[in-house]
Amino acid sequence: MIQLEGVWRTYRVGDSVVHALRHVSLAIRRGEHVAVIGPSGSGKSTLLHVLGCLDRPTAGRYTFAGREVGTLSDEERSALRQKSIGFVFQFFHLLPRLTAVGNVELPMLFAGVPAQERRQRALAALAAVGLAPRAGHRPDQLSGGECQRVAIARAAVMSPELLLADEPTGNLDRAAAAEVMELLEAMHARGLTLVVVTHDPAIAKRARRVIQMCDGEILEDSGALADEGGRRGAERPEGAPSAPSQSGVGE
Amino acid sequence: MRARDLLLFVLGALEGHRLRTALSVAGVAIGIAAVVCLTALGEGARRYVTQEFALLGSNLLIVMPGRVETSGAAPWGGVTHDLTLADYVAVSRLRGVRKTAPLCVATETVKAGERSRPVPVLGTTAEFLEVRRLVVAAGEYLPPGDPTQGGTEMVLGPKVARELFPGASPLGQVVRAGAWRFRVTGVLAPRGRSLGFDLDDVVFIPVQTAMRMFNRRSLFRILVEAQEYGAMAVTRREVLALLAQRHRAEDVTVITQDALMTAFSSILRALTLALVGIASVSLAVAGVGIMNVMLVSVSERRSEIGLLKALGARNRQVLGAFLAEAVVLAAAGGVAGILLGFAAVRLFVNIYPTFPAVPPLWAVVLALTMSVGVGALFGVWPAQRATRLDPVAALSRR
Ligand SMILES: Nc1ncnc2c1ncn2[C@@H]1O[C@H](COP(=O)(O)OP(=O)(O)OP(=O)(O)O)[C@@H](O)[C@H]1O
Ligand SMILES: [Mg+2]
């Protein structure tokens, strides 16, 4: 579903040039669960933003579901995000003035879904993350874990194909983090492609495939596909269990 | 995105920062209230003048000697004949004429016993009372009869009566004007100022006496009331033709009440528009206020904008949302300003009940249009900034 070929993302800061991504090539198939790890500043978030069509590669090709993202207009990339991609952020990014259900309705609001259908679908999505009784609460009346579950409901409500989570548990304690990961994994189990950026080795271990980044490059990829350059790993049938995670990963 | 959803979303955002919203609404409201009040005053002045003219009678023609071009400049070359009492009599016999009164005016010192003061003296006939819609408070007005016969009757305006005969009835008393003696036959009811002329502060005497007294051979004016409003133009031509025939030259000017009124009215309307222009300055200031509030709002809500984009909101939807926010702010200010303006005008009318100050409908429509326009105009730039925001940068900042 996802194909990156020689992707660079370069920032110019004054005279110096920062390479947030250096020649990254990567393929992710429909239904995979991928964890991205690496030290701070290694380009994990940048990679996620490129995958989510929020950012464009400076160089290289990015193909999403057969369409080359670099050639799409702003409008087309917005439409792609709206229909096919869900985001979950470390800091939740809920609008404080809206209730939980109002926040979950937000993507449908801009998609022009009628009010009644919107409300129904939002309530169903909240129920799916176990927050039906909190539907009328505003973010400042919810715990961090609950906020993140609202954000997950919001990301899921448009039924995307790809869910991108940037340190979704970074602001949560263990119990809440476990709950959040269970929800994300449950969505993955229903066929969603899931990419999670994390600093937590325990969380990374739960993924079938772990990508380790350093300095804008992919250092290790436990599930790299043959057609991606053949550095490691053989082609596996889609959905087949991957090899147990490499020993160096998840420390 | 549906219009109703957009509006609710925008109202929610505005409610998020109530104080700022209220202040920028107040800014626009003051500007709009100024527009409403100033147009009400200008329009009030116009109505006031129109009312005054209506009191004079709208089918009034005014005949004056000499050919005055509309510019009021030099008279037409050639001999100008006097406008005589005989002319007046001839005009009064025309078919289209209902009532007509001659006028001969000069200022003279009038004396009653010890008291004396200079007063405008109007020489005219009994019909003047009706032509100018005056009312007698006591006694009688000038007697009807042959206008070429003089007389010693005098009618006092209420102010003159008060000042010459304080606390006493002037009826039957003797008043001197120059070398002439008159007997007071009547006092008028107060009428107030009319077109800059205080009809309470004049005295009336028979026209023939006035012409002799002031040594005039020509009348100052002949006031003609036409039979019908609709036939004004015909009557005017009749009067002109009659006098041209009598003078063997076209040497008089006939103006209609309407022409004067239209001229006044358009001057005052222009004045009103000038006032609107002045009031608009405060609207521009309010517009800058809105722009400021929206800019603050955009930079404060960077992460919200980033989020909306991440969720798939199109650029034009983001633009629309912020533009709508500015317009809603300004329109709310417009409505509040109209209410405020009406309240202020009402207060003013309570203090000066004779002044017919009413905000005209066109001003209300204009004020609303202007407020929405101000919102749209000053909201565009902040909204564009919101649109141009890079979602990655907007989301990462915390
Ligand atoms: N807008 C920007 N301008 C300049 N440099 C940037 C910008 N955004 C990111 N970078 C740089 O790109 C590199 C990768 O950043 P990125 O946010 O992807 O790292 P990360 O792996 O997500 O780090 P962390 O774990 O701390 O979130 C960093 O060196 C960062 O300084
Ligand atoms: Mg990051």
Item checked: Shielding score for B:310-322, defined as the mean number of other chain Cβ atoms within 10 Å -> 6
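Tell me the volume per residue, in Å³, of the convex hull enclosing the alpha carbons of chain B.
Taking only Cα atoms, chain B has a hull volume of 192 Å³ per residue.
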Next item on the list: Between A:GLN116 and B:GLU52, with labels modelled 7 Å along Cα→Cβ, what's the label distance in nm to one decimal, could you check?
Entry: 6.5 nm
Next item on the list: Compare A:MET187, B:MET154 by solvent-accessible area with a 1.4 Å probe and give them largest first, with all protein chains kept in place.
Entry: A:MET187, B:MET154
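Quick one: if you take sqrt(5λ) for each eigenvalue of the C-alpha gyration tensor of the protein assembly as shown, what semi-axes come out, biggest first, whole angstrom?
For the protein assembly as shown, the semi-axes come out at 94, 24, 18 Å.
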Notebook entry, point to check: What percent antiparallel are the DSSP beta bridges of chain A, to the nearest 5?
Noted result: 55 percent
Notebook entry, point to check: When DSSP assigns beta bridges and you keep just the ones with both residues in the protein assembly as shown, what percent turn out antiparallel, to the nearest 5?
Noted result: 70 percent
Notebook entry, point to check: Using a 1.4 Å probe, how large is the accessible area of B:ARG246, given in Å² and rounded to the nearest 10?
Noted result: 100 Å²
Margin query: How large is the translational diffusion coefficient of region A:23-167 in µm² per second when you combine the Kirkwood radius over alpha carbon pairs with Stokes-Einstein at 20 °C and 1.002 mPa s?
Written below: 131 µm²/s
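Divide by every residue of the protein assembly as shown the summed helix terms, -39500 (n - 2.57) for each DSSP H run of at least 4, and state the resulting mean residue ellipticity at 222 nm, rounded to the nearest 500 deg cm²/dmol.
Details: 19 runs with 298 residues, N = 649.
The helix-only estimate for the protein assembly as shown comes to -15000 deg cm²/dmol at 222 nm.
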Check: If you plug each phi of region B:266-277 into the Karplus form 6.51 cos²θ - 1.76 cosθ + 1.60 with θ = phi - 60°, what whole-Hz ³J(HN,Hα) values come out, in order, with x for Gly and Pro?
Finding: 6, 4, 5, 5, 4, 4, 4, 5, 4, 5, 4, x
Next item on the list: Straight distance only, please: which aspartates and glutamates reach the Cα of A:LYS44 with their own Cα at less than 14 Å, same-chain residues fewer than 8 apart left out?
Entry: A:ASP55, A:ASP166, A:GLU167, A:ASP200, A:ASP215, A:GLU217, A:GLU220, A:ASP221
Notebook entry, point to check: With each pseudo-label sitting 7 Å past Cα toward Cβ, what's the A:LYS205-B:ALA3 distance in nm, one decimal?
Noted result: 5.9 nm
Next item on the list: Would you mind giving the mean number of other chain beta-carbons within 10 Å of the Cβ of each residue in B:9-18, as a whole number?
Entry: 2
Checklist line | For region B:100-220: Kirkwood Rh in Å [reciprocal of mean 1/r, alpha carbons] | finding: 14.0 Å
Check: Which log10 I(q)/I(0) values, to two decimals, does region A:139-222 give at q = 0.12, 0.21, 0.26 Å⁻¹ under the Debye formula with one point per Cα?
Finding: -0.37, -1.04, -1.38
Item checked: Viscosity 1.002 mPa s, temperature 20 °C, Stokes-Einstein D of chain A from Kirkwood C-alpha radius, µm²/s -> 115 µm²/s
Check: If you plug each phi of region B:27-40 into the Karplus form 6.51 cos²θ - 1.76 cosθ + 1.60 with θ = phi - 60°, what whole-Hz ³J(HN,Hα) values come out, in order, with x for Gly and Pro?
Finding: x, 5, 4, 5, x, 5, 4, 4, 4, 4, 5, 5, 5, 4
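The values are calculated or read from the model by the stated rules, or taken from the named source; none is laboratory data. Computed from a prediction, not measured in an experiment: that's the story for all the values here. Using ideal geometry, Cβ is built from the backbone for each residue, glycine included, and neighbour counts are taken over all protein chains shown. Just so you know, the surface numbers come from the protein's heavy atoms only, side chains and all, with ligands and any DNA or RNA stripped out. Shrake-Rupley method; radii C 1.70, N 1.55, O 1.52, S 1.80 Å.
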